[in-house]
Amino acid sequence: MAHFVIMGCGRVGATLAHTLEDDGHTVAVIDREPTAFRRLRPGFSGSTVTGVGFDRDTLKEARIADAYAFAAVSSGDNSNILATRVAREQFHVPHVVARIYDPGRAEVYQRLGIPTVASVRWSADQVLRRILPEHALSGDFREASGRLVLRELPAAPLWFGRQLSELEAALGVRIAYLTRFGEGILPAADTRYQEGDELHAMLAVDRLTQIDRLLATAPAKAAALRAEQEEEEK
């Protein structure tokens with residue numbers, strides 16, 4: 001069980017709070033309007049904090065120091081970005097995400113290293129995919145046999161600047177597409193992995209843990225480990 005802090009108790013914020021609570025996590029919801037908490041269902045066991053999500057005292061009251069993840073999903077882009085930066089840079093929350101309404105700012109946010117979700121009807125699901133590992137593992141699509149899954153790969157800073165073809169060979173995956181500055185791109189043979197890119201790959205379900213481990217390893221070592229794994233599987 002982990003602790004999550006959500007800024008904004010609109011439709012998306014309330015949906016996130018309920019989903020996380022149903023999964024057995026503790027949740028604190030922040031909103032500047034006390035009446036916003038009426039969107040939470042009767043019997044909601046999480047905490048509610050009245051205030052702005054970029055105020056340190058407000059965040060402390062929401063137990064930000066214990067948070068596994070912070071999601072800023074209020075109605076203001078600037079507030080969401082500011083609160084997310086405070087959570088990450090001052091309280092060192094490991095997983096953060098900000099909802100945005102202006103897609104034109106996506107490039108700026110990505111360069112700040114802040115994962116963002118556009119204001120679309122499936123926002124709650126997209127936020128969950130960025131703060132809950134099990135949601136990322138479930139994948140966006142499974143083929144009929146259930147052996148292959150399309151999923152978003154975790155960020156891999158050690159691989160920035162490398163060609164995606166090199167990453168595919170080392171991991172044994174196929175990059176279906178990438179998202180860069182909020183736009184989907186079909187990779188070419190010479191496409192390189194850049195900071196802020198979100199990679200979506202088809203891969204074998206039984207290799208999820210191995211692939212995550214390889215992504216956290218330097219490219220040269222990852223290739224060697226992959227070769228060893230292939231020998232062991234023969």
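Can you give me the number of residues within the range 52-82 that are outside any helix (DSSP H, G or I), within 21 Å of Glu21 (Cβ to Cβ) and of a type outside the set (Lys, Arg)?
Within the range 52-82, the subset outside any helix (DSSP H, G or I) is 52-55, 62-63, 67-76.
If we keep only those that are within 21 Å of Glu21 (Cβ to Cβ) as well, we get 53, 62-63, 67-74.
Those still in the list that are of a type outside the set (Lys, Arg) too: 53, 62, 67-74.
Residues that pass the stated criteria total 10.
Determine whether Thr35 is open to solvent by 30 Å² or more (accessible area, probe 1.4 Å), part of a helix (DSSP H, G or I) and either without any contact (Cβ under 8 Å) to a residue 24 or more places away in the chain or within 23 Å of Pro154 (Cα to Cα) (or both).
Values: open to solvent by 30 Å² or more (accessible area, probe 1.4 Å): yes; part of a helix (DSSP H, G or I): yes; either without any contact (Cβ under 8 Å) to a residue 24 or more places away in the chain or within 23 Å of Pro154 (Cα to Cα) (or both): yes.
Yes: the conditions hold for Thr35.
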- Within the range 149-161, the count of residues that are farther than 16 Å from Arg213 by Cβ and either surrounded by 16 or more Cβ atoms within 10 Å (Cβ to Cβ) or among the polar types (S, T, N, Q) (or both) comes to 3
- Boolean, Thr50 is touching a Pro at 6+ places or on another chain (Cβ under 7 Å) and farther than 26 Å from Glu195 by Cα: yes
- Which ones in the range 5-32 are of a type outside the set (Gly, Ala, Ser), within 21 Å of Ser75 (Cβ to Cβ) and not in a strand (DSSP E or B)? Cys9, Arg11, Val12, Thr15, Leu16, His18, Thr19, Leu20, Arg32
- Message: I want to confirm something. Restricting to the range 162-180 and keeping residues that are out of contact with any Asp or Glu (no Cβ under 9 Å at 6 or more places or on another chain) and part of a loop (DSSP other than H, G, I, E, B), which single residue is least open to solvent (accessible area, probe 1.4 Å)?
- Response: Val173
- May I ask you to say which residue of Ala118, Ala144 is loosely packed, with under 15 Cβ neighbours inside 10 Å, more than 28 Å from Leu16 (Cβ to Cβ) and modelled with pLDDT under 80? Ala144
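Would you confirm, using the coordinates I've provided, whether Thr48 is over 17 Å from Val93 (Cβ atoms) and not in a strand (DSSP E or B)? Before you say what the answer is, go through the steps one by one.
On the way: over 17 Å from Val93 (Cβ atoms): yes; not in a strand (DSSP E or B): no.
In short, no.
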- Message: Restricting to the range 83-106, name every residue that is assigned to a helix (DSSP H, G or I), open to solvent by less than 20 Å² (accessible area, probe 1.4 Å) and under 24 Å from Gly46 (Cα atoms).
- Response: Ala83, Thr84, Val86, Ala87
- Filter the range 190-208 down to residues that are open to solvent by 30 Å² or more (accessible area, probe 1.4 Å), more than 25 Å from Ile114 (Cα to Cα) and not hydrophobic (A, V, I, L, M, F, W, C), then give me how many there are. 2
- Arg63 fails exactly one of the following numbered conditions: (1) at pLDDT below 95; (2) open to solvent by 80 Å² or more (accessible area, probe 1.4 Å). What is the number of that condition? (1)
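The values are calculated or read from the model by the stated rules, or taken from the named source; none is laboratory data. Computed from a predicted structure; not experimentally measured. Cβ: placed from backbone, ideal geometry, glycine included. Neighbour counts: every protein chain shown. To get the accessible areas, we keep the full protein, side chains included, count just its heavy atoms, and leave off ligands, DNA and RNA. Shrake-Rupley method; radii C 1.70, N 1.55, O 1.52, S 1.80 Å.
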